[in-house]
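Any read-out appearing in this document is the output of simple, stated calculations on the displayed coordinates, not a laboratory observation. Being a predicted model, the structure only gives us computed values, none of them experimental.
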Amino acid sequence: MMKEIRIHGRGGQGSLVLAQFMAIAALEDGKFGQAFPFLGGGGERRGKPIVAFCRLSDRPIRVRSHIHTPDFVIVQDATILNEVDIEEGLKADGAILINTDRKRHELGLKADKIFTISGEDLSRRILGRPIINTALLGTFAGFSKALTLTAVLKAVRIKFPGEIGEKNAQVVEESFHAFIKEI
């Protein structure tokens, strides 16, 4: 079964890198993955809202279009909620993951399944910088069960070998196990 993920972020936050991590992890799990950005309308500039997409499937992925009805939405920057309707097209049983420490009533969202993580706090503690995509990756794998922890850790180490890869793997592992909270 195919799972489709839409990732909202700002230029420079690593939304495409997050999608690529997911696609690589799918391959490591013996599945198929597809990751691609939408870079239209000047959205590719640092700080501007951008969208990246990822598909994960047990079968080869033949579709090559944007994702209009995602199973999951990931939001790297909660300030985007004021600019973009992140719930647009979300499947009825879909889930949203947001990098924030805000509470549900503060977010103004209608979805039943909303997960949050303060990825910035975790990444600052381990990496020394607010790089949040690996925290979101670990949390997504933890609540969705769409990717295994083993595959996600391998994907991070493939993309970032050496010490930086090991630190990012630590972020993934901690977010997978301890930083999941449903609101």
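Evaluated over the Cα positions of the chain, the convex hull gives a direction-averaged projected area, one quarter of its surface, of 9.5 nm². Taking 0.36 nm per residue of sequence separation and removing the Cα-Cα distance, the K103/K91 pair yields an extension gain of 2.1 nm. In this structure the amide hydrogen of I96, modeled in the peptide plane, comes within under 5 Å of the amide hydrogens of V73, K113, I114, F115, none closer than 5 places in sequence on its chain.
Just checking the listed ones, R125, R104, R62: in the Gaussian network model of the chain with Cα springs under 10 Å, the one fluctuating most is R62. Cross-link reach is defined here as a Cα-Cα straight distance under 24 Å, omitting same-chain residues fewer than 8 places apart; for K31 the lysines meeting it are K3, K91, K145, K154, K159. Per-residue ellipticity at 222 nm computed for the chain from its helices equals -10500 deg cm²/dmol, with DSSP H segments shorter than 4 residues left out and the rest contributing -39,500 (n - 2.57). Residues whose amide H comes within less than 5 Å of that of I50, counting only those at least five positions distant or on another chain, are G9, R10, G11 (H built at 1.01 Å from N in the peptide plane).
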